[in-house]
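Quick notes on the structure that follows.
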Amino acid sequence: MIRIEDIIEKVEQNRPQADVELIRRAYLFSALHHRGQKRASGEPYLVHPLAVADILAEMRLDEVSVSTGLLHDVVEDTLVDLDTINDYFGEEITRLVDGLTKIAHISNLSKEKQQAENVRKMVLAMITDVRVVLIKLADRLHNMRTMEFLKPEKRARISQETLDIYAPIAHRLGMGKVRSELEDLSFKNIHPEEYNKLSKEVESRRPELEKKLEKIRSTIIKNLEENEVPFVEVQGRVKRLYSLWKKLKKRKLTIEQVYDLIAARIITPNQRRNCYLALSVIHDIWTPVPERFKDWIAIPRDNLYQSLHTSVIGDGGQAFEVQIRTEEMHYIAEEGVAAHWKYKESNLGRQEDDESLDELRKTVEKLLLPLVETTESNEDSEDFIESLKLDLYPKDVYTFTPMGKIIELPKGASPIDFAYAIHSEVGDTCKGAKINGRIVPLRTKLQNGDVVEIMTSPNSTPSRDWLNHVATSRARTRIRSWIAKQQRKDSVELGRKLLEKEAKKFNVSTKKLFKDEVEIKRIANEYGLGRPEDLMASIGYGKTLPRNVLAKYLGPDKFSKLDPDNKKDSRIESGVKAVKKLIGLGDDAILVKGVDNLLTTRARCCNPIKGEEIVGYISLGKGIVVHNKRCKNVKQLMVNKDRIIDVEWATSDKKEIQSVQLFAKTEDRTGMLAGITNAISDIKTNIRDARARVSNEDEGLIEVTVEVFDKKHLDKVVKSIKNVSGVIDVERINNLKKK
Ligand code: MN
């Protein structure tokens, strides 16, 4: 087992000012809580956090990272929670441990291979600090190195994930060494047979390859020396198995045909002109393959890798590759981000870590951003360069179905968006949602990693209110189209009823009327409408008066003969009569199906509540506006008597909540507001808003907004307020204030 003191020594060497006591405390804490736990190999669990910490120390990371390496599995695998970590180690380490724990959860959840791209994005989205990635990579590296005790299926699954997610991240961060090791280990565990076959094939050639490499090396050294080109080292390497395997498979080549099976690498002192000097020497010795020269120094790769690559034809006619780079370039090619960090630090001298971290963060952002490219514009990419946080994917959250499928949504999305993202049918019949097993309101904002379960019912329908809680255009469009469809359905129905009513007045058989489709269609066309249904909808919307439709149906002569109004002496009087007949309680009174119903709206002027006497007014384009019968505006509306319609409250088990504002006058003494709000909550009524002030007459004025179901409920609330000692009077404020 690696000893903690060895790790501390490494950190002290790289960072003389590091607070190594922190590492010691983290070690003791980890040892205490992982006590008794074993790895699959039978070794004490502590071996793993120690190894991870050691890898991080090798990467020359700071004491905070190394300590987090020691603690990284504590929350995931022991009873310790984040609050405890916070108490012992403070905010920074807590944040890092939290990030790692969350990533561990994603890995457990995602079962579908094809979602690799999304999982990778999600992992990145969750990273709020560069060090989280580095620690995660160290964790994965050690697990990959020590997986021989796991079952083959599990090994393959973890390896596939490594190949899909972690190796690309390592590559992107320029960490060539980590990436290579992760890839080769993954290859070995996913395709053990192919790995063995290829490995044997390479091994059998190794003596010959080594001999070739040695000859190449000595030729290069000799020529560099003769030409006085400075160099630090000339290395030889055989291509790694995984990348060799990929190449053989992709290009359908044999080993002999692979250009870069062996490669020589020249490391020069830190000036790039040394690289070009060396290149000219190489091209002098051997003939280059023209299209195989690449200058990654002049144009670095996306992950900041720099090197010259050239393929040349060797003595036996076999091609091989030569890579040329400076020491610094080489270090960066191997260590990637970690190297940048170290370089930045040495450049900054003894500056505090903040600044070097800042530099590093910018580098990492540059490296990782293309990985999380989105179709949406990145207009505020400048904005998120703030503090230590690396919110790489600020616009999206990644959530799961209970089956582990990933659903990608914009930030601020709710379970309603989620439901529509699964299927529009699911959205349209959504009645509730569970997040991580718990029932939540549909307006809840989803968080990264949430497992969302949508509950549906065939009777559930979208609600207009949903529009306030959705973030995707898909959900919005679907809800709107559902509303429009519903609105039209309602208006067609209402139009029919209104026309029926009018027909009865004229003693016209409604059966006959509606059967006469040709005639109704003709009338519809006269109004510029296509189908009979459109005509009904137009009547329902209040755009077309049923009386006029009837006039067209009957023709002028018949119409005036049958018109009940003409039978009376006074036209005005008859008008009133007609209205009375219309309002007079018929069996066909139209019910108000509740506030949500799209064709009925509550009048703002009187805000009628369930249980009060009401009357409807057909308003152009708005459908029926429901007023309190005693509302002063109703009198004025009576002028358009044709538009007044009888309405009733729908009887429904569903309780509709409605906000009502009340205004209480009280004696001016302390505690009045509290007294009133207590009285209201005592009868289990929600208070939406309450405020108090003092009038000029030294009276207390208290305004409360309460949520009530109906008139009875409201009366109860008013009574309870009146009973509070010190209350002089309670009044309802009828005019709803616009918000
Ligand atoms: Mn671990």
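The values are calculated or read from the model by the stated rules, or taken from the named source; none is laboratory data. Every value quoted in this text rests on a predicted model; they were computed, and no experiment measured them. Here Cβ is always computed from backbone atoms with ideal geometry, including for glycine, and neighbour counts include all displayed protein chains. Accessible surface areas use protein heavy atoms only, side chains included; no ligands, DNA or RNA. Shrake-Rupley method; radii C 1.70, N 1.55, O 1.52, S 1.80 Å.
Simple spin-label model, 7 Å along Cα-to-Cβ: Lys665 to Met403 in nm?
6.6
Report, by chain and number, residues whose modeled amide H sits under 5 Å from the one on Ile313, excluding near sequence neighbours (fewer than 5 apart, same chain).
Answer set, sorted by chain and number: Thr287, Val289.
Roughly what would the spin-label model give for Lys154 and Ile733, points 7 Å off Cα along C-beta, in nm?
It works out to 6.4 nm between the two label points.
Read phi for every residue in region 315-324 and hand back ³J(HN,Hα) as whole Hz from Karplus 6.51 cos²θ - 1.76 cosθ + 1.60, θ = phi - 60°, with x for Gly and Pro.
Each residue's phi maps through the Karplus curve to give 4, x, x, 8, 7, 8, 9, 10, 10, 10 Hz.
Of all the C-alpha pairs in region 422-531, what % are more than 18 Å from each other?
Across region 422-531, Cα pairs with separations above 18 Å total 64 percent.
Going by a ≥ b ≥ c, the root eigenvalues of the Cα gyration tensor, does region 267-312 fall in the rounded group (a/c under 1.5), the prolate group (a/b larger than b/c) or the oblate group?
Oblate shape, in that a/c is at least 1.5 and b/c is the bigger or equal ratio.
If you bin the C-alpha pair distances of region 469-558 every 10 Å from 0, what whole percents do you get?
Here the calculated profile for region 469-558 is 17, 44, 21, 12, 6, 1.
For Glu328, put the label point 7 Å out on the Cα→Cβ axis and report which residues of region 258-279 keep their amide N under 14 Å from it.
268-275
Could you please put Met1, Met638, Met59 in sequence from largest to smallest accessible area, using a 1.4 Å probe?
Met1, Met638, Met59
Within the set Lys136/Lys431; Lys212/Lys249; Lys511/Lys561; Lys445/Lys543; Lys212/Lys250, which residue pairs have Cα atoms separated by over 30 Å?
Beyond 30 Å between Cα atoms: Lys136/Lys431; Lys445/Lys543.
Looking at this model, which pairs from Lys10/Lys154; Lys151/Lys405; Lys489/Lys512; Lys411/Lys684; Lys497/Lys635 are more than 32 angstrom apart at the alpha-carbon?
On the way: Lys10/Lys154 34 Å; Lys151/Lys405 25 Å; Lys489/Lys512 22 Å; Lys411/Lys684 35 Å; Lys497/Lys635 24 Å.
Going by Cα-Cα distance, Lys10/Lys154; Lys411/Lys684 fall outside the 32 Å limit.
Once the Cβ-Cβ distance between Ala40 and Val451 is put in as r, and R0 is 22 Å, what FRET efficiency do you end up with, to the nearest 0.05?
0.20
Read phi for every residue in region 10-22 and hand back ³J(HN,Hα) as whole Hz from Karplus 6.51 cos²θ - 1.76 cosθ + 1.60, θ = phi - 60°, with x for Gly and Pro.
Those phi angles translate into 4, 4, 4, 5, 7, 9, x, 8, 5, 8, 6, 4, 4 Hz.
Please compute the modelled spin-label separation between Asp682 and Ile657, points set 7 Å along Cα→Cβ, answer in nm with one decimal.
Going by the 7 Å Cα→Cβ label model, 2.3 nm.
What is the Cα radius of gyration of region 211-349 over 2.2 N^0.38 Å, N being its residue count?
So the Cα radius of gyration is 1.09 times the expected 2.2 N^0.38 Å.
Work out how much length Asp77 to Thr146 would gain on full extension: take 0.36 nm times their residue separation and subtract the Cα-Cα distance, in nm to one decimal.
23.0 nm
Over the Cα atoms of region 1-99, Rg to Rh with Kirkwood Rh, two decimal places?
Result for region 1-99 is an Rg/Rh of 0.95.
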